[in-house]
1. Given the conditions (1) at pLDDT 80 or above; (2) assigned to a loop (DSSP other than H, G, I, E, B), and given that Thr117 satisfies all but one, which numbered condition is not satisfied?
2. Can you name every residue in the range 64-90 that is touching a residue at least 24 places away in the same chain (Cβ under 8 Å) and either under 30 Å from Phe120 (Cβ atoms) or touching a strand residue (DSSP E or B) at 6+ places or on another chain (Cβ under 7 Å) (or both)?
3. Starting from residues that are over 16 Å from Val88 (Cα atoms) and of a type in the set (Asp, Glu), keep the ones in the range 147-163 and report whichever is surrounded by the fewest Cβ atoms within 10 Å (Cβ to Cβ).
4. Any chance you could count how many residues in the range 81-98 are hydroxyl-bearing (Ser, Thr, Tyr) and touching a helix residue (DSSP H, G or I) at 6+ places or on another chain (Cβ under 7 Å)?
5. Every residue in the range 185-201 that is under 14 Å from Thr215 (Cβ atoms) and not charged (D, E, K, R), please.
6. Go through (1) more than 21 Å from the chain's Cα centre (by Cα); (2) free of Cβ contacts under 8 Å to residues at least 60 places away in the same chain one by one and return the number of the condition Tyr93 breaks.
7. Give me the residue from the range 181-192 that is surrounded by fewer than 18 Cβ atoms within 10 Å (Cβ to Cβ) and touching a residue at least 24 places away in the same chain (Cβ under 8 Å) and, out of that set, farthest from Tyr145 (Cα to Cα).
Amino acid sequence: MLLRSLTKHVKDQNWFAVGLDFLIVVVGVYIGVWVSGYQERASLHAKQAQVVETLRLDMEKIQEVDTDFALQMRQGLAEWDEKRASGVIIPPYFLRIPGSDTAPQNVWSSLPPNQLTEMFAPDLLYDLGFYYSELAGVGRKYLRYVVFVEDEILPGLKRDPSYFYREDRLPLKPEFEANMDRLQDWIDENARLRAWSACLTIRLETPMVSGKSCTPDLTAPVITNPDIKPETTKETP
């Protein structure tokens, strides 16, 4: 109808009406584009809020589980040290987690990669990707630890505990001592990951705002304090 009206006004050389018709077309297109853009922005904002909340909950659960395991391991290692100090010959301490040895698939790997750049500031996006990559790597270290436990320690439990010790029964054999050291490494690395995720949880409150990097200095000594604060992270270059 508008096109027919515009054609008629052109034939009649009614330029004012032609201009008015053209203005109506332009305004109509602008409103349509604005409404479409508003709907897209609202949809993206809703998805961003959902993704942020999912990541926050994921990190919260990871922190809870890791804190429980760290407490269990520290207690187990302390009790083992106490018994050894009293002269008791016992097998090396080890941890076996009930159920699967692999952690559930993290939510980061299931997020839409084509929309992440629109949901997070570039530095926060980098930090999140680095954190989940490191989390997966530490998980693979635990799997290697479990393989040694199942292949070397569990069969030895059928034998006399002295099997795990050198001939003088003082220190453990190097391979078993090293395996317990790996468990302590895992405790330390998870303490660093908990601090990292605590910092990221704060950053997620303003996902589009650049700020202080949460990525720790991986060359620095690990601080095993489970209450480590996000302030220990380094500044963004």
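1. Answer for Thr117: the failing condition is (2).
2. The answer is Asp66, Thr67, Phe69, Ala70, Ile89.
3. Asp151
4. Of the residues in that region, 1 qualify.
5. Leu193, Ala195, Trp196, Ser197, Ala198, Cys199, Leu200
6. For Tyr93, the exception is condition (2).
7. Within the range 181-192, the match that is farthest from Tyr145 (Cα to Cα) is Asp188.
So that you can scan it fast, the table gives a plain yes or no per residue for (1) surrounded by fewer than 17 Cβ atoms within 10 Å (Cβ to Cβ); (2) outside any helix (DSSP H, G or I); (3) modelled with pLDDT of 90 or more:
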site	(1), (2), (3)
Val65	yes, no, no
Phe69	yes, no, no
Gly76	yes, no, yes
Trp80	no, no, yes
Val88	yes, yes, no
Gly129	yes, no, yes
Glu134	no, no, yes
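The values are calculated or read from the model by the stated rules, or taken from the named source; none is laboratory data. Quick caveat, the model's predicted, so the values are computed rather than measured. Please note: Cβ atoms are built from the backbone with ideal geometry, for glycine as well, and neighbour counts cover all protein chains shown.
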